[in-house]
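**Q** Can you read through this structure? Questions will come right after.
The values are calculated or read from the model by the stated rules, or taken from the named source; none is laboratory data. Here the structure is a predicted model, which means the values were calculated and not measured. Glycine also receives a Cβ, built like all others from the backbone with ideal geometry; neighbour counts cover every protein chain displayed.
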Amino acid sequence: MSQHEPSPAPSRVSTSPFIAQLIEAVGPRNVLIEPADTAPFLTDWRRRFTGRAEAVVLPATTRETAAVVLACVGHAAAIVAQGGNTGLSGGATPAPDGHSVVLSTRRMNRILEVDPENDTITVQAGCTLQAVRDAAQDAGRLFPLSLAAQGSCTIGGNLATNAGGTQVLRYGNTRELALGLEVVLPDGRVWDGLRGLRKDNSGYDLKQLFIGSEGTLGVITAATLRLFALPRSRLTALAGLDSVEAAILLLQRMRSVAGPTLTAFELMSRESLHPVAGVLGLKHFPFEPLTPWVVLLELSDHEDEPHARSLLEAGLDPGAGAPIIEAVVGRSLAESEQLWRLRETIPEAQARAGGNVKHDISLPLRHISDFVRDANEHLARRFDWAQPAVFGHLGDGNLHYNVGCRAGISPQTAFDHEQALNEIVYDAVAKHRGSFSAEHGLGQLKRDAAARYKSTIELGLMRSIKLALDPDGRMNPGKLL
C-alpha cells in the first residue's frame with residue numbers, strides 16, 4: 001500500500017496520552033488498537049510465538065517513523081519493527097507483557113531511485129523483495145536476492161536478518177548487496193547513510209552494525225542496494241547423486257568448469273522431496289526412483305545460451321568425471337521453473353505434513369558430509385522415530401537440517417523432544433566448526449542457544465554495542481541477546 005492509497009480502517013480512538021501522540025505522528029487511520037486489527041501483527045509466520053502490544057503503528061515516511069520512536073521514548077515503550085512478518089525465528093513478534101508498539105513498515109513501500117549508471121537502487125524498507133526485483137528488471141538490471149517469500153517479505157526484514165537465499169553462491173548475502181542505509185536510532189535521531197559507494201574508508205562501516213541486528217539497534221527505513229547486469233541466458237538442471245560427498249565433488253567440478261556463471265547449487269535429500277509430490281500433484285519426479293540426494297543447479301551466463309549449455313553439459317558429463325547417477329536439464333523457461341518449484345515447495349510440503357523441528361545451520365564445505373553422518377547416527381541412536389529432512393544452499397554451506405517423524409508417528413512427537421533434538425544437532429554443528437544460525441536470525445527461537453554456543457567474548461562485544469546504541473533496551477527486547 002503506497003502513501004496515497006487507502007489506509008487501514010480506523011481503530012477506536014483511545015484517550016491514552018501515548019496513543020494520542022502516536023495518532024498525532026501518523027494519523028488516526030494508521031494506529032491500530034482493536035484486537036481484530038492488531039492480531040495479524042502479533043503472531044509470527046509459523047504461529048509459534050504470540051505477543052501483545054499497545055498499538056500497531058504504520059508510518060509512511062522516515063519522519064513519521066522518528067516521531068513514533070520519540071513517542072515510545074517519552075512513554076518508555078518498547079519498539080518492535082516488523083516488515084512482512086515472514087520470519088522463521090519469532091524475531092518480529094512482540095513480547096507477551098504488552099508494553100510495546102509494533103512498528104510496521106508496510107506503508108513505507110516506495111522505490112526512491114533507480115540509478116542504472118551506478119548500478120544502484122534506493123528503496124524504502126517496506127518494499128517487498130519482489131517489488132525491488134521488478135523495479136530493477138524494468139531498468140534492465142538484476143537485483144539478485146531471491147527467496148521463496150519474496151512476494152511478501154520486505155527489504156527491511158531482509159536486511160535485519162541478513163537474508164541469504166538461492167543466489168548467495170554468486171552474489172553474496174544481503175550484507176554484500178547493501179551499500180547504504182537510513183536508520184532511525186533508538187533516541188529518535190535519523191542517520192542518513194544512503195550512499196551508493198563501493199569504496200568508503202572514512203571510518204567504521206556503520207551500516208554493517210544494523211544489517212543482521214534484527215531490529216535491536218534501530219529501525220531501518222531505507223536502503224541503497226547493488227544492481228547487476230541481467231544475464232543473457234539461464235539454464236537449470238537436476239542431478240541425482242548417491243551421497244553428500246558426491247554433491248560436494250560435483251560442486252567443485254561445476255565451479256571449475258563454469259566459474260562465476262554458477263549461480264545456484266541447492267542440495268535436497270530424498271526424504272525432503274517425497275512430500276513435495278503431493279503438494280504439486282506430481283505423478284512422478286523428473287527421474288525415478290529418486291536418488292538418495294538431489295542437486296538443483298543453475299547457470300546464469302552473459303554470453304548466449306549455447307555457451308551456457310556447453311558449460312553445463314561439460315560439468316555434468318559422467319564420462320569426464322561428474323559423480324552423478326541421473327540428470328535432466330530444463331529445455332525451456334517453463335521447465336526450469338518446474339524444477340525450481342521442487343526446491344521452493346519443500347517448506348510448504350513440510351508444513352502440510354504437520355511440521356518439524358527446524359535447524360538453519362552453516363558449515364565449512366569439507367565438514368558437511370561428516371556433520372550429516374554424525375547427526376543422523378546420533379538421532380537414530382536416541383530417537384528411532386526421528387526422520388531428518390535435509391536441504392539447503394550447499395554452495396555457501398547453508399543447510400536446513402529439519403527433524404520430523406517417520407510414517408505412522410505423530411509430528412507432535414518431534415516438538416515434544418525439541419530441546420533434545422536441538423542439542424543433538426547444534427552439538428554436531430559446533431563439533432564441525434559451524435554456526436547454529438545461518439540466515440534466519442536468532443529471534444526468540446534461538447536466542448538462548450547463543451549463550452551455549454557463542455564465546456563469552458563474542459557475547460560481551462555484542463552487549464557492548466547494544467548498550468552503546470540502545471542503553472534503555474527499547475529496541476526489540478528479548479531478541480538476539
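**Q** Can you name the number of the only condition in (1) surrounded by fewer than 22 Cβ atoms within 10 Å (Cβ to Cβ); (2) of a type in the set (A, V, I, L, M); (3) without any contact (Cβ under 8 Å) to a residue 40 or more places away in the chain that Leu129 fails?
**A** Going through (1) surrounded by fewer than 22 Cβ atoms within 10 Å (Cβ to Cβ); (2) of a type in the set (A, V, I, L, M); (3) without any contact (Cβ under 8 Å) to a residue 40 or more places away in the chain one by one, Leu129 breaks only (1).
**Q** Exactly one of these conditions fails for Tyr401: (1) at pLDDT 95 or above; (2) over 27 Å from Thr261 (Cα atoms); (3) assigned to a helix (DSSP H, G or I). Give me its number.
**A** Among (1) at pLDDT 95 or above; (2) over 27 Å from Thr261 (Cα atoms); (3) assigned to a helix (DSSP H, G or I), Tyr401 violates only (3).
**Q** Looking at Leu217, Leu227, Leu251, can you tell me which residue is modelled with pLDDT of 95 or more and either of a type in the set (D, E, K, R) or farther than 30 Å from Gly91 by Cβ (or both)? If you could, list the steps in order and put the result at the bottom.
**A** Values: Leu217 fails: either of a type in the set (D, E, K, R) or farther than 30 Å from Gly91 by Cβ (or both); Leu227 fails: either of a type in the set (D, E, K, R) or farther than 30 Å from Gly91 by Cβ (or both).
Answer to the check: Leu251.
**Q** Another question, if that's okay. Name the residues in the range 41-65 that are under 19 Å from Ala160 (Cα atoms), surrounded by fewer than 21 Cβ atoms within 10 Å (Cβ to Cβ) and over 20 Å from the mean Cα position of the chain (by Cα), would you?
**A** Thr61, Thr62
**Q** Among the residues of the range 263-291, which ones are touching an Asp or Glu at 6+ places or on another chain (Cβ under 6 Å) and either surrounded by fewer than 16 Cβ atoms within 10 Å (Cβ to Cβ) or polar (S, T, N, Q) (or both)?
**A** Thr263, Phe287
**Q** State yes or no: is Glu117 under 23 Å from Ala264 (Cβ atoms), acidic (Asp, Glu) and in the same structural domain as Gly215 (by TED's automatic domain parsing)?
**A** So Glu117 fails the test.
**Q** Then there's this: Please work out if Ala277 is free of Cβ contacts under 8 Å to residues at least 40 places away in the same chain and in a helix (DSSP H, G or I).
**A** Working: free of Cβ contacts under 8 Å to residues at least 40 places away in the same chain: yes; in a helix (DSSP H, G or I): yes.
Criteria met by Ala277.
**Q** A further question on this structure: With Gly164, Gly172, Gly157 as the choices, which residue is small (Gly, Ala, Ser) and surrounded by fewer than 23 Cβ atoms within 10 Å (Cβ to Cβ)? Even if it seems obvious, please write down each step before you answer.
**A** Values: Gly164 fails: surrounded by fewer than 23 Cβ atoms within 10 Å (Cβ to Cβ); Gly157 fails: surrounded by fewer than 23 Cβ atoms within 10 Å (Cβ to Cβ).
Testing whether each residue is small (Gly, Ala, Ser) and surrounded by fewer than 23 Cβ atoms within 10 Å (Cβ to Cβ) leaves just Gly172.
**Q** If you don't mind, another one. From Leu225, Leu251, Leu241, Leu267, which residue is outside the structural domain of Arg170 (by TED's automatic domain parsing), under 30 Å from Gly156 (Cα atoms) and touching a helix residue (DSSP H, G or I) at 6+ places or on another chain (Cβ under 9 Å)? Steps first, answer last, please.
**A** Details: Leu225 fails: outside the structural domain of Arg170 (by TED's automatic domain parsing); Leu251 fails: under 30 Å from Gly156 (Cα atoms); Leu241 fails: under 30 Å from Gly156 (Cα atoms).
Leu267 is the lone residue from the list that is outside the structural domain of Arg170 (by TED's automatic domain parsing), under 30 Å from Gly156 (Cα atoms) and touching a helix residue (DSSP H, G or I) at 6+ places or on another chain (Cβ under 9 Å).
**Q** Any chance you could count how many residues in the range 429-452 are within 20 Å of Leu88 (Cβ to Cβ) and either assigned by TED's automatic domain parsing to the domain that holds Pro94 or not in a helix (DSSP H, G or I) (or both)?
**A** 13
**Q** Take the range 450-468 and flag every residue that is hydrophobic (A, V, I, L, M, F, W, C) and touching an Asp or Glu at 6+ places or on another chain (Cβ under 9 Å).
**A** Ala450
**Q** Do we have any residue at all in the range 205-220 that's of a type in the set (S, T, N, Q), assigned to a loop (DSSP other than H, G, I, E, B), surrounded by fewer than 19 Cβ atoms within 10 Å (Cβ to Cβ) and out of contact with any strand residue (DSSP E or B) (no Cβ under 7 Å at 6 or more places or on another chain)? Spell out how you get there, then give the answer.
**A** As a first pass, look at the range 205-220 and keep what is of a type in the set (S, T, N, Q): 208, 213, 216.
Remaining after also requiring assigned to a loop (DSSP other than H, G, I, E, B): 213, 216.
Checking the rest, the ones that are also surrounded by fewer than 19 Cβ atoms within 10 Å (Cβ to Cβ) come to none.
No - not one qualifying residue is present in the range 205-220.
**Q** To continue, here is another question. Tally time: how many residues in the range 120-134 are out of contact with any Lys or Arg (no Cβ under 9 Å at 6 or more places or on another chain), under 16 Å from Leu179 (Cβ atoms) and among the aliphatic types (A, V, I, L, M)?
**A** Of all residues in the range 120-134, those out of contact with any Lys or Arg (no Cβ under 9 Å at 6 or more places or on another chain) come to 122, 125, 128-134.
Imposing the further condition that a residue be under 16 Å from Leu179 (Cβ atoms) reduces the set to 122, 125, 132.
Cutting the leftovers down to among the aliphatic types (A, V, I, L, M) gives us 125, 132.
Final tally of qualifying residues: 2.
**Q** Tell me, which strands (runs of 3 or more DSSP E) wholly within the range 284-374 include 2 or more residues that are under 21 Å from Leu394 (Cβ atoms) and either among the hydroxyl-bearing types (Ser, Thr, Tyr) or without any contact (Cβ under 8 Å) to a residue 60 or more places away in the chain (or both)? Before you say what the answer is, go through the steps one by one.
**A** On the way: elements: 293-301, 326-329, 360-362.
Correct list: 293-301.
**Q** Looking only at the range 237-252, decide whether some residue is outside any helix (DSSP H, G or I) and either polar (S, T, N, Q) or closer than 30 Å to Leu461 by Cα (or both). Break it down into steps so the answer makes sense when it comes.
**A** Of all residues in the range 237-252, those outside any helix (DSSP H, G or I) come to 237-243.
Those still in the list that are either polar (S, T, N, Q) or closer than 30 Å to Leu461 by Cα (or both) too: 243.
Yes, the range 237-252 contains at least one residue that is outside any helix (DSSP H, G or I) and either polar (S, T, N, Q) or closer than 30 Å to Leu461 by Cα (or both).
**Q** Here is a list: Ser332, Ser336, Ser310, Ser300. Which entry is farther than 25 Å from Gly87 by Cβ and either in contact with a helix residue (DSSP H, G or I) (Cβ under 7 Å, 6 or more places away or on another chain) or at pLDDT 95 or above (or both)? Quick ask: steps written out before the conclusion?
**A** Working: Ser332 fails: either in contact with a helix residue (DSSP H, G or I) (Cβ under 7 Å, 6 or more places away or on another chain) or at pLDDT 95 or above (or both); Ser336 fails: either in contact with a helix residue (DSSP H, G or I) (Cβ under 7 Å, 6 or more places away or on another chain) or at pLDDT 95 or above (or both); Ser310 fails: either in contact with a helix residue (DSSP H, G or I) (Cβ under 7 Å, 6 or more places away or on another chain) or at pLDDT 95 or above (or both).
Result of the check over Ser332, Ser336, Ser310, Ser300: Ser300.
**Q** Got at least one residue in the range 66-81 being buried (at least 18 other Cβ atoms within 10 Å of the Cβ), touching a His at 6+ places or on another chain (Cβ under 9 Å), of a type in the set (A, V, I, L, M, F, W, C) and touching a residue at least 60 places away in the same chain (Cβ under 8 Å)? Give the steps one after another, and end with the answer.
**A** Initial filter on the range 66-81 (buried (at least 18 other Cβ atoms within 10 Å of the Cβ)): 66-69, 71-72, 77-81.
Subsequent filtering for residues that are touching a His at 6+ places or on another chain (Cβ under 9 Å) retains 77-78.
Next, only the ones that are of a type in the set (A, V, I, L, M, F, W, C) stay: 77-78.
Subsequent filtering for residues that are touching a residue at least 60 places away in the same chain (Cβ under 8 Å) retains 77-78.
Yes - at least one qualifying residue is present in the range 66-81.
**Q** With the condition kept exactly as written, say whether any residue in the range 410-423 is under 18 Å from Ala349 (Cα atoms), crowded, with 22+ Cβ neighbours inside 10 Å and either modelled with pLDDT of 95 or more or not assigned by TED's automatic domain parsing to the domain that holds Ser269 (or both).
**A** yes
**Q** Does Ala178 count as within 28 Å of Arg474 (Cα to Cα), under 11 Å from the mean Cα position of the chain (by Cα), touching a residue at least 12 places away in the same chain (Cβ under 8 Å) and crowded, with 21+ Cβ neighbours inside 10 Å?
**A** Numbers: within 28 Å of Arg474 (Cα to Cα): yes; under 11 Å from the mean Cα position of the chain (by Cα): no; touching a residue at least 12 places away in the same chain (Cβ under 8 Å): yes; crowded, with 21+ Cβ neighbours inside 10 Å: yes.
So Ala178 fails the test.
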